Amino acid sequence: MTPQSERDLERVLTRELHHVADTLDVPPAPAAPATPAAGERTRRGGPIWLAAAAAVVLLAVGAPALLSQTGNDLDPAPAGPEVAGVSTAPAKTPHVVDGALFVDGEQVPGRWWSVRSGADVWLAWREFGAFAWGRGSTVHELDTGDGAPRLSPLGRHIAYVSDRGGDDVLTVLTTSSGTRLKPTPVTLRSGSSEEFTNVIGVTDEAQVLLRRGGRDLLWWPGAEEPLDLSVTAPGLEVLSVTGFGIVTRDEDTGETQLSRLEGGGQLSTLYALPEHDDFLFDPTGTLHLWTPAGTTGGDVTEVADLLVEVGYGDGERMSAPEGWAFKTRMWQWEDDRHVVAPVVSTSGDDQDERMVRCQVEVADPEGVVEGTECVLLEEQWIDQG
């Protein structure tokens, strides 16, 4: 089978799997500082989610791999009042708006910056820098030190690296039991180097992608030390990891692509991706949601537009409602046709925050995006205590 026919088959299969996919949400990759483009606003000192992606490393691509990552039916956007045919009911997914964290429609005590979720597990960042995870309103605090934890796509594991006496120590938490996965905590690096090891992402099989200095590393349970991907996959830089492959950049050409992690830490290219700062697959892997390269770096904390497309197109513009802008790196797929995100007011100095739901219209069987529509959601009462 040729690479092109393989890609076509994958696209057909993913469209057929719309009703058997789990929710997947991926934090975006780091963005280089950039000058805000037209339609964007900046605000210094605003909180931005620690920029590194957390998701799954895929060992095989195609129908078996997609089926292995799906299980629960995708529910449609919640019913309720509509604007332009889009429900205005509160978002289903865990979300933060105006410092309040909502899970299953209930506010979780405390003040929060951001949240990511996988299946029924969420991982959130508090206003004062600490992290916590949980199911529903149950909160479990994490002692990560300066390291940022990452959640696997289906919420099975949380991985983080902390500094202990100058050593980089990796911990992998199994969320089903709330206990540490053996043999972690494990020391990855002695205090002889000044380069700190960060977690890029963790798979549901507890494989951990790491970055130390300019090198990408891979650790798995039982490994005595992480594998250096610059040796096994030279010339490729890992930008982020998703449930459908690893987003990489070719260091020679600068091209961005989706790659597959194979045995021995090798990376093979699947297909090209748009040049971007932030990138998210929908839960089925069919739709791409992204911001163009140079959009969200530096002091940019709000953007007026996102781009969305099936497969490998140039992207249809997804615009926030008039008078509002998306908070950077806070958007999430709610299901395979809806995106939810906090937005801030662009009029006046009050910086009001609301949630929006954006609906993507896809023409079948052509499989192209015909248009998008974003509406403000019903306001949720927030306990400021």
Checklist entry - Taking the mean number of other Cβ atoms within 10 Å as a proxy for protection, how do you rank 282-292, 210-220 from highest to lowest? => result 282-292, 210-220
Next on the checklist: Please list, in order along the range 149-159, the HN-Hα scalar couplings obtained from phi with the Karplus expression 6.51 cos²θ - 1.76 cosθ + 1.60 (θ = phi - 60°), rounded to whole Hz, x for Gly and Pro.
Outcome noted: x, 10, 9, 6, x, 9, x, 7, 9, 10, 10
Checklist outcome for this item: So for R0 = 35 Å, FRET eff. of residue 252-residue 187 from the Cβ-Cβ r, to 0.05, ends up at 0.55
Checklist entry - So how do 78-86, 247-255 stack up, highest first, on mean other-Cβ count within 10 Å? => result 247-255, 78-86
Checklist outcome for this item: Once phi for every residue in the range 212-228 is put through the Karplus expression 6.51 cos²θ - 1.76 cosθ + 1.60 (θ = phi - 60°), the whole-Hz ³J(HN,Hα) values, with Gly and Pro written as x, are 10, x, x, 10, 9, 10, 10, 10, 9, x, x, 6, 6, 8, x, 7, 7
Next on the checklist: In whole Hz and in residue order, list the ³J(HN,Hα) couplings for the range 333-350 that follow from phi through the Karplus curve 6.51 cos²θ - 1.76 cosθ + 1.60, θ = phi - 60°; x for Gly and Pro.
Outcome noted: 6, 8, 7, 7, 9, 10, 10, 10, 6, x, 10, 10, 5, 9, 10, x, 10, 7
Item to check | Placed amide H near residue 271: partners under 5 Å, 5+ positions off or other chain | outcome: 258
Next on the checklist: Given contacts defined as C-alpha pairs under 8 Å and at least six residues apart, what's the relative contact order of the range 74-124, whole-number percent?
Outcome noted: 22
Checklist entry - How far is the Cα center of the range 93-147 from the Cα center of the range 338-358, in Å? => result 19
Checklist outcome for this item: Taking R0 as 45 Å and r as the Cβ-Cβ distance between residue 128 and residue 83, the FRET efficiency 1/(1 + (r/R0)^6), rounded to the nearest 0.05, comes to 0.80
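Computed from the coordinates by the stated procedures, all read-outs in this text should not be read as laboratory data. Computed from a predicted structure; not experimentally measured. Here Cβ is always computed from backbone atoms with ideal geometry, including for glycine, and neighbour counts include all displayed protein chains.
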